[in-house]
Each structure stands twice: as structure tokens, then as C-alpha cells.
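This report concerns only the one structure given below.
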Amino acid sequence: MTSSNGGFAELKFRDPARARALSATLERLLGEIGRAPVSVMHVCGSHEQAIAKFGLRAALPRALNVIMGPGCPVCITDVPEVDEGVALARQGVRIATYGDMVKVPGTVLSLADVQAEGGKVDVVYSVAQAVELARTIAEPLVFFATGFETTAVATAAAVLQNPPPNLFVLSAHKYIPPVMEIVAEMPDTRVEGFLAAGHAATITGWGVFEPFVERHKLPVVVAGFEPLDILAGLVKLVELIGAGTASVENMYPRCVTKEGNLRAQEQLWNVFRPIGGRWRGIAHVPNGNLRLRDEWAHLDARKQFDIDVNSLWDSAPPTLIQDCICGDIMAGIKSPTDCALFGEQCVPHSPVGACMVSSEGTCKIWHQYGGHPDLGGYGGAVCAR
Amino acid sequence: MCLGVPGKVIAVDGLMATVDFWGVRKQIRLEVVDETVQPGDYILNHVGYAIRRIPPGEIDATLALYEELLRHAEQDDLMAADVRGEIAGAGDDQQ
């Protein structure tokens, strides 16, 4: 066994023997491919948390490069979308949103800044709490709705449950499958396969990736969140890359079916339609944004309020955010350690970019786990660079 | 976050369920889950909504993962904090 496998006992795998066997298989498959690095991308903050927390990168063969893509829902919420929420709050409209969103910087201000100025910003855990809050007040309440399809279905369910007339939705929801197309088409991309997130696929089903695989001839493997699940997913992915087989494989059958949660999909598409729009720092993503359908215009904050974002930019000071490389990091082109601000001017309690705000942001995850002893050897060739 | 958190259904009232997460009871909505949910079932909760009924054969493995996560977590651990956040945030306490 090579030294890269020596740390498994400390890595808290529930089954170190199986982990070693999977790692040896990976080593063999990469040897058969015979070139390095082989780069794969996952698109899920929870995958990155598990990879960093359990020191997986240090335990993986050096020839395998596992990159975190645009999998942090807070991070990819675009600056103009944050600005819309900020502008509304500054116009005196009460805003409810998820906790992480409050700290995410817009062009000039975050919602936390507006809160400090006396703006009304409520943190909610669930859209259901926003609905309850709206029922108890007379003034309008705008729910600033962020997150991927797993979270968007909750917003959709709330919209379909006859919310009170003073509740409005400012949707910044995003849909994952289209952004994989963008990453696959980037000229600089080194990604040879994708690890898809188990729980987003719980909603959409793994069948949603078949057209992507057909178009781009890149394999997709759906994987769970346990270190062993991730290792098994990587083995399958490298196996497919080595064989030149572009297909979708479901390595998380205990949670994911081919057709997914049809009841959730019905609600999702009854309420939202996909439109093109920017993801923070990445690109315009065709069909990547979820917006309310016209029949819900009476709930749509963009239709019911005059949102004056231009007023925010009048006195915009130059900020460190110009030096933030969050976008390149989420596109898999750079890693947090390539950023001059990382761990210096940009730290979790004083974030410059969105990737340092969210618990699912690459920079915050690396900042927390980077110095962990489990990550010995990490920071070297196996990391995204 | 995409991790979600599993819990045991204690009672069902229409589209609302009382769910136990390691001793913490919360109100979870049932509009999204695609199977009938009954007391004794386990569901996966994400932002206050059950997104999946966990098949009986998979409950132990699912719970084991989360228990492992929480057991080894230090105070500021991000992944455990997300799990605790899902537990602490959902609905009102029904204890």
C-alpha cells in the first residue's frame, strides 16, 4: 500500500479496509489511463465539506484532481440579485431570507449593512417561516429566495399553498444541470467527468443528466456524501473516463431514482420557468435561473415593486471585491490558495467574496479545514490549481 | 445546503408532520415528499420540507452517517453546523 493510504485509520472512515480497497482501485485505474492529472468536478458544497473534513484529497492518488465547481448556492447568487434585495430593503420593504444571504456582498452593500442602517431584514430557516411571518404582519414581506432546485421546490410548494397576499417572492433560485454544460464548454476546462450531488438528484432524478452526457460525451456519476460514497463515486467516474464511456451512473441508489421526485418536479415547474442569467463570477448560464411564471406575477417582487438598483451604485467605492477570484474558483480554473486575499483580507468573519461567506463556499471550507492534520500533503499536486 | 437531515415521523396532521431529530421535535411540511408518510417513517428534511421518505432498509445506514458526522465534529465544524442548523431551524419546537 502506498503512503498516500496510510492515513485512513485516522480519517474516520467507517470501513477503513473498504476505503483502502477503493483507493487501490483508483490508483490502478489511473495507472491504466497513464496520464496526469485526470480532473473531475463535483458541484456540491456538501461534497466539498466531506472531502475537506475527512481529508480525502490527501488520501487520493496524486494523478486525480478533484475540483469543486459551482456547487455553493449562496456563492453563485449574482451581485445584481443581491443588489435587488438590498435596494428593496433600502426602499423600506421588509425582507426575509436565508441566514447566509444576509452577509453576501452586493455591489456596494450587503443585506447586513442595510440591517445595520435600520433596514428590516429577517433571517428565516424555511420559506414556511416567511409565510408564517407574513401572516402576522400587515406590511408587505419579500422572501428573497435563493438556492438550487432542492430549495426551490420548497418555495414552489409555499407559492402553491395560497400564501397571504402581503407575501412576495424575489427569486434568485438556480438550476444545476445547465451550469454543467457551461463548465463543459469553457475553453480552459480540464474537467473530464462530473460527480453529481445526491440530494439535488433526489428531486430531478439521474435521468436529467442523460441529455448532457449525450451532448458533451462526458460521464456523470451520482454520489452520496459519506467518504466511502464519494470514493466509490470517484472510482466509477475514473473507470468510465478510462474506458471512454460517456454515461450516467447512479452510485447513490438509496436516495436517487432515474425519474426523481415527480411530485416535487410538478410543483417546481408549475411555479418556475428557467431563464438565462448570470451566475456570480461564472458566466451567463442559459436556463440556469428560475423565475416565477407569469401566472404568479401577483407574487413576483420584480413585477410588484419598482426596484431601483441604480441608486445603489451612485457612490460605489472601489472595493477589494475587484481582486476576488471567486468566479474562477467556482469554474474550477483556480483554487482559493491562488487568491491574494485568501486568509489575509478575506476571512470568514470579514469576507470579501461570497465563497468565504457560506458554509458551502470553497474558500470558507478550505479556510476551516486547510490546517487540519488530516490534510497533510494537501496543498500539493492533488488540489485544484 | 444539500445534505439535509433525517428524522423520525412522530405524528402527521394533513400536510404537516411532527418529526424527531435526535430528540428535537420539529414541524415539517409534506407537500414535496412523493410518498405517503406515516408515524414511524423516516424522512429527509431540507429547509423545513420532507424531500424524501427514507426506505426502511436504508434508515440505519443513513442515520449512521449523520451520527458519525456529529460525533467527530468540533465546535466550529462546518458540516456538523449545517446539520445542526437544519435540526435547530426547522419549524417550532414541539417538545
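The values are calculated or read from the model by the stated rules, or taken from the named source; none is laboratory data. Note that this is a predicted model, so its numbers are computed, not measured. When we count neighbours, we look across all protein chains shown, and the Cβ atoms used for this are built from the backbone with ideal geometry, even at glycine. Accessible surface areas use protein heavy atoms only, side chains included; no ligands, DNA or RNA. Shrake-Rupley method; radii C 1.70, N 1.55, O 1.52, S 1.80 Å.
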Residues of the range A:249-273 being within 30 Å of A:ALA297 (Cα to Cα), within 12 Å of chain B (Cβ to nearest Cβ) and either touching a Pro at 6+ places or on another chain (Cβ under 8 Å) or not polar (S, T, N, Q) (or both), in sequence order, are A:GLU259, A:GLY260, A:LEU262, A:ARG263, A:ALA264, A:GLU266, A:LEU268, A:VAL271
Out of the residues in the range A:202-231 meeting the condition of being part of a helix (DSSP H, G or I) and acidic (Asp, Glu), tell me which one is surrounded by the most Cβ atoms within 10 Å (Cβ to Cβ). A:ASP229
Which of (1) assigned by TED's automatic domain parsing to the domain that holds A:ALA58; (2) at pLDDT 85 or above; (3) assigned to a loop (DSSP other than H, G, I, E, B) does A:CYS255 not meet, given it meets every other one? (2)
Which of the residues belonging to the range A:324-363 are within 14 Å of chain B (Cβ to nearest Cβ) and among the aliphatic types (A, V, I, L, M)? A:VAL347, A:MET356, A:VAL357
Can you name every residue in the range A:202-243 that is among the β-branched types (Val, Ile, Thr) and touching a helix residue (DSSP H, G or I) at 6+ places or on another chain (Cβ under 9 Å)? A:THR202, A:ILE203, A:THR204, A:VAL208, A:VAL220, A:VAL221, A:VAL222, A:ILE230, A:VAL235, A:VAL238, A:ILE241
Within the range A:287-297, of all residues that are touching a residue at least 24 places away in the same chain (Cβ under 8 Å) and over 17 Å from the mean Cα position of the chain (by Cα), the one most open to solvent (accessible area, probe 1.4 Å) is A:TRP296
Can you list the strands (runs of 3 or more DSSP E) found entirely within the range A:62-178 that contain at least 1 residues being open to solvent by less than 10 Å² (accessible area, probe 1.4 Å) and in the same structural domain as A:GLY193 (by TED's automatic domain parsing)? A:64-68, A:94-97, A:141-147, A:167-173
Which residues, taken from the range A:30-49, are over 27 Å from A:VAL285 (Cα atoms) and either open to solvent by 20 Å² or more (accessible area, probe 1.4 Å) or within 13 Å of chain B (Cβ to nearest Cβ) (or both)? A:GLY31, A:GLU32, A:ILE33, A:GLY34, A:ARG35, A:ALA36, A:PRO37
Between residues in the range A:13-40 that are at positive phi and in the same structural domain as A:LEU234 (by TED's automatic domain parsing) and residues that are surrounded by 21 or more Cβ atoms within 10 Å (Cβ to Cβ) and charged (D, E, K, R), which pairs lie under 8 Å by C-beta distance while being six or more apart or on different chains? none
For the range A:100-145, name all the residues that are more than 14 Å from chain B (Cβ to nearest Cβ), without any contact (Cβ under 8 Å) to a residue 40 or more places away in the chain and among the hydroxyl-bearing types (Ser, Thr, Tyr). A:SER110
Taking the range B:19-51 and keeping only residues that are open to solvent by 30 Å² or more (accessible area, probe 1.4 Å) and facing chain A (nearest Cβ under 10 Å), one is left with B:GLN27, B:ARG29, B:ASP34, B:GLU35
Got at least one residue in the range B:56-73 being closer than 27 Å to A:THR146 by Cβ, of a type outside the set (A, V, I, L, M, F, W, C), in contact (Cβ under 8 Å) with a residue 40 or more places away in the chain and surrounded by 16 or more Cβ atoms within 10 Å (Cβ to Cβ)? yes
So the strands (runs of 3 or more DSSP E) completely within the range B:1-76 holding 1 or more residues that are closer than 22 Å to A:CYS72 by Cα and not aromatic (Phe, Trp, Tyr) are B:5-13, B:42-46, B:49-54
Residue satisfying all of: in the range A:242-283; touching a Lys or Arg at 6+ places or on another chain (Cβ under 6 Å) and free of Cβ contacts under 8 Å to residues at least 24 places away in the same chain; least open to solvent (accessible area, probe 1.4 Å) among these: A:ILE275
Quick one: A:ALA354 ticks every box in (1) modelled with pLDDT under 85; (2) crowded, with 20+ Cβ neighbours inside 10 Å; (3) in the same structural domain as A:VAL40 (by TED's automatic domain parsing) bar one, so which box is it? (3)
Every residue in the range A:18-61 that is part of a loop (DSSP other than H, G, I, E, B) and more than 29 Å from the chain's Cα centre (by Cα), please. A:GLY34, A:ARG35
